Every structure is written in structure tokens, then in C-alpha cells.
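The structure appears below as C-alpha cells.
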Amino acid sequence: MPSPLIILGASTRALAQSAVRAGYEPWCVDLFADQDLRALAPVVQIQRYPTEFLRAIDQAPEAPWIYTGGLENYPLLIERMARKRRLLGNHPETLRAVRSPTLVQQMASRAGLRALDVRFAADQLAGSQQRYLVKPLRSAGGLAIRSLTTSETIPRRCFAQEHAEGESLAILVVVSRGGVQLLGATRQLHEQAHPRGAYVYAGSIGPLSLTEVETTQIRSFVKLFAAEHRLVGIVGIDCIRTSSGLAVVEINPRYTASVEILERATGVPALDWHCRACGGDLDVASLTIADRADRRIVGKQIVYATESCAASSDLSLRDDWADVPHPLEQFAAGMPLLTVFAEGTSMLEVQQQLARKSDEARRLFSPSK
């Protein structure tokens, strides 16, 4: 009989599907409670993020819990919920370390990666010829990230990070017992026309290959955090592949949006390994990822609303859709409508399929009157 697993996050559908693949019975709390999630698992829909999680977890079965995107920015809340149910994930002291922009760049430099300059005050930018991005300290999904001019003031609870030109990658590892297993890498897609900035996460395509040097550097980087700050489980490292090497943008110390791409493409049991790692029952030295002859490129793209709109009255589930809203559900501009998936033999083929499917999906939403 499957073991129950409590899943909390802004959107839990992807993690819930991973949980089912890993043999768990998910029980979810999120903001959307989409059609496909409700068909898969019990779900509590919240309105006030993230404060309502504390009340919602009291309704959950007696089971361990796991969090996904955004909650790593609220270590005190995670600490309170960890007193109620056993946490399979990184604890507050680890989160404070990996979400420190300065510490992340210091560790990157120690591991031989390119370190990006980080500033917290506008006067520190005076005379600089670098391009910078202004980012919230509590960031997730690329929201509210934008270019910064040297004449601007850095807003409160934000920082400036050097802008790096290159390919946007998400690299996934699993950490346990001081060891690090590379799960793979994906290319990240961004919604440049989004009202909340040109860096909003819009999907992933993969797997991508890393060089031997890149793999060694990433393992060294993650091992430093594991040894000094007890990092464990699935970890995502957002990087830019520049002409002078990998530059680390940030660490996501939890299940990330690109996990399901690698699970679908390679068959890697990522969530099972995560739960075993957090329980101290995973020896990464014994892990292998099969080189499947039928490995394909897999991609997903989030379709965002370009204006206020409503879902069609006959919107239903499809195998190549996810995060499917309810019929007649209302959306403001910038909200996610649904996610489309595609598979192929090349990056270009998958990108073309995603573009076509996104256009097709968008036609099922009508402008609000």
C-alpha cells in the first residue's frame, strides 16, 4: 500500500505526479487545485500564501511532508511546520545559508565556478561598467527580476546581481551522506513579455549534456554546502553557461520545476532518491542513471495569460497538458493558464512543438468581458 506524503507549495501538481511515480500517495496544499491535481490526489486550496499552510497542515494525515517552489524563502514557517510533521527536506538553518546571495558566490568561487558580483547598496555600483539585475531576496520563478541602471536605488529587501550573458541552465543533483549524484541539466525558458519581468520562468527542455569540467565544478560546489551547511536531497542550481564558464545564479534547495523533465526523459527516480536521502537511507555512491537507448528530448512550457480571460466551458484533460484549470475559471494578465508538454529527437523540434501547442491552448481562453 502506498505511503502518504504531504506536499505543500504554490503549485504541487508536478511534485504530486512524481510522488505517484515513486510509490507515494500524495496529499496536497496549493494555490490552484487544478483539474489534473484533483484527479490525482486530495488537495486543499489556499488563498493566502504562505500563511495558510500552517493551518492546512493540521488537516493533513499523519505523514511526512515536502515543500516545493517558493517556501524555501520562509524558513521560520518551515520550522513551525516541521514541529507538526516530519520534514523531508532542508531545514531553516540550511535555507538561510543557500539563499544568501553573498555566500553562494563565495562558494562558487571556491569551487572554481565563475562568481557573479553581488551588491546591496546603490552607491556600491557607482562607476561600474557591469550590467546588473535587481532581484528580491525572497525570489522564486524569476518574478520581479529586472535590469538595473547604476543611477537607481536598490529597493529594500532586494539586491543587485551581475548580469551574465549565456545559456540559462537548471542543473539537478541529489545530495546524501556527503556525496553528490548529478541527475542532469535542462535549458530554462523565460516569458520575456510577462508583466512581472522578462525573467519569469516559463518552462524547461532537456536533458542537456554537461562537460566533465562543469560536472566536477558543480559537484564541488554542492559538496561545500553539504559539508558546511548540511544541504540534502534534491537540489537545483540555476546557472548561466557563459564564454568563461558556468556562473551560478542561485540555489533552489528543494524539488524544482525541471525535475519532471528529467524523470520523463531518463526514468531517473528523483523523488524516491530525495526522500531516501532526507531519511539518511541513500548512499549516492551506489546510484546509477541508465543510459536509455530510447532517451528523448522532453520539454514543457507554461502558457501565461496576455490579458484578462476565462477558460473555455469544455476545457478538459489531455495527456500533453498539465496544470489544467477548471472550466470558466477567470485569469488576470500574467497568470499561468496551463502547461503544455512535447517530446522529440532534438531541442529545435521540441521548441517548435511547444510553440504550436501553446498557441493551440491559448485559443481555449476567451477575453473577459
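The values are calculated or read from the model by the stated rules, or taken from the named source; none is laboratory data. Computed from a prediction, not measured in an experiment: that's the story for all the values here. Backbone-built Cβ (ideal geometry, glycine too); neighbour counts: all protein chains shown.
Couple of notes before you dig in:
- Residue in the range 211-221 that is of a type in the set (Val, Ile, Thr) and part of a strand (DSSP E or B) present: no
- Applying the criterion of being closer than 24 Å to Ile302 by Cα and free of Cβ contacts under 8 Å to residues at least 24 places away in the same chain to the residues of the range 47-59, the residue that is surrounded by the fewest Cβ atoms within 10 Å (Cβ to Cβ) is Gln47.
Conditions tested, residue by residue: (1) assigned to a helix (DSSP H, G or I); (2) touching a residue at least 24 places away in the same chain (Cβ under 8 Å).
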residue: Ile240; (1), (2): no, yes
residue: Val249; (1), (2): no, yes
residue: Ala265; (1), (2): yes, yes
residue: Ser313; (1), (2): no, no
residue: Asp319; (1), (2): no, no
residue: Val324; (1), (2): no, yes
residue: Leu337; (1), (2): no, yes
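- Unique residue being in a loop (DSSP other than H, G, I, E, B), under 20 Å from Thr345 (Cβ atoms) and in contact with a helix residue (DSSP H, G or I) (Cβ under 7 Å, 6 or more places away or on another chain) when the list is Arg295, Arg254: Arg295
- Evaluation of Ala342 against the conditions (1) assigned by TED's automatic domain parsing to the domain that holds Val180; (2) within 25 Å of Leu40 (Cα to Cα); (3) among the small types (Gly, Ala, Ser) shows that the sole unmet condition is (1).
- First in the range 132-143 and surrounded by 18 or more Cβ atoms within 10 Å (Cβ to Cβ), second anywhere and among the hydroxyl-bearing types (Ser, Thr, Tyr) and outside any strand (DSSP E or B), Cβ under 6 Å, 6 or more apart: Gly142/Tyr199
- Hey, Val298 in contact with a Leu (Cβ under 7 Å, 6 or more places away or on another chain), over 24 Å from Val213 (Cα atoms) and surrounded by 22 or more Cβ atoms within 10 Å (Cβ to Cβ) or not: no
- Here Ala160 passes the criteria (1) modelled with pLDDT under 95; (2) surrounded by fewer than 19 Cβ atoms within 10 Å (Cβ to Cβ); (3) of a type outside the set (D, E, K, R) except the one numbered (2).
- Output for the range 266-278, where each listed residue is in contact with a strand residue (DSSP E or B) (Cβ under 9 Å, 6 or more places away or on another chain) and either modelled with pLDDT under 95 or not assigned by TED's automatic domain parsing to the domain that holds Val235 (or both): Thr266, Val268
- When Ser368, Ser358, Ser346 are checked against the criterion of being exposed (fewer than 15 other Cβ atoms within 10 Å of the Cβ), of a type outside the set (Lys, Arg) and either over 16 Å from Gly206 (Cβ atoms) or without any contact (Cβ under 8 Å) to a residue 24 or more places away in the chain (or both), a single residue qualifies: Ser368.
- Taken together, the residues in the range 1-21 that are more than 16 Å from Thr68 (Cα to Cα) and either touching a Lys or Arg at 6+ places or on another chain (Cβ under 9 Å) or in contact (Cβ under 8 Å) with a residue 40 or more places away in the chain (or both) amount to 3.
- Hits in the range 204-231 (condition: within 30 Å of Val303 (Cβ to Cβ) and either surrounded by 22 or more Cβ atoms within 10 Å (Cβ to Cβ) or in contact with a helix residue (DSSP H, G or I) (Cβ under 8 Å, 6 or more places away or on another chain) (or both)): Ser204, Ile205, Gly206, Pro207, Leu210
- For the residues Thr153, Thr102, the requirement of being at pLDDT below 95, surrounded by fewer than 18 Cβ atoms within 10 Å (Cβ to Cβ) and either aliphatic (A, V, I, L, M) or more than 16 Å from Glu72 (Cβ to Cβ) (or both) singles out Thr153.
- Count - residues of the range 11-46 that are assigned to a loop (DSSP other than H, G, I, E, B) and either in contact with an Asp or Glu (Cβ under 6 Å, 6 or more places away or on another chain) or surrounded by fewer than 18 Cβ atoms within 10 Å (Cβ to Cβ) (or both): 8
- Tally of residues being assigned to a loop (DSSP other than H, G, I, E, B), of a type in the set (D, E, K, R) and in contact (Cβ under 8 Å) with a residue 60 or more places away in the chain across the range 267-290: 1
- Matching residues, the range 57-80, being aliphatic (A, V, I, L, M), outside any helix (DSSP H, G or I) and under 17 Å from Gly233 (Cα atoms): Ile66
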